[in-house]
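Novice: Structure provided below as structure tokens; questions to follow.
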Amino acid sequence: LSSSSAASDVYKRQPIGYVKVDLDESHDLGYGLRHEFWHRGIAAEAARALVEQVRRDGLPYLTATHDVNNPNSGAVMKKLGMVYQYSYEEQWQPKDIPVLFRLYQMDLDGNSGRPYLRYWEQSRVHMVEQGI
């Protein structure tokens, strides 16, 4: 992502974030945005365009995860139409601390009801939170 506004010459030449999809079995959707560009809908807009592209390319589903302490990232997932599946704890690197993540999924091929379970199976601490 690059800024297209005339706010400053620096922003015109500097990336403001990224959006990506892993091509491994998780088909993990990821995104990041520089802090000064938060809360403008940019991440959701860029991710929506990528979702439509991978749908056309034939990916069957996408997953995305966020730290429970970063609910704004989860809000982007919900805006995209992703559905909460479960939460799991992982020893997060590089800080080597336990972090509780929420996994969201979007089925792109109409074949719903098959949550991606790898993180659930790998984690000794996992649950389905209510009211998410």
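Rule-based calculations on the coordinates, nothing more; no lab input. This is a predicted model, so every value here is computed, not measured. Glycine gets a Cβ as well: all are built from the backbone with ideal geometry, and neighbour counts include every protein chain shown.
Novice: Calculate how steeply helix 42-57 sits against the longest principal axis of the alpha-carbon atoms of the chain, using the helix alpha-carbon long axis, and give the answer as 0 to 90 degrees to the nearest 10.
Specialist: Around 60 degrees separate the two axes.
Novice: Label R13 and R114 with points 7 Å out from Cα along Cα→Cβ: what is the distance between them in nm?
Specialist: Result for the modelled spin labels: 4.8 nm.
Novice: Which residue, Y116, Y18, Y88, has the largest displacement toward the positive end of the dipole of segment 14-132 when charges sit on each Cβ (Lys, Arg +1; Asp, Glu -1)?
Specialist: Y18
Novice: If I take every Cα pair under 8 Å that is 6 or more residues apart in the chain, average their sequence separation and divide by the length, what percent do I get for the relative contact order?
Specialist: Once normalised by length, the contact order is 20 percent.
Novice: Cut-off under 30 Å on the C-alpha distance; same-chain residues fewer than 8 positions from K95 excluded. Which lysines are left, in chain and number order?
Specialist: Partners found: K20, K78, K79.
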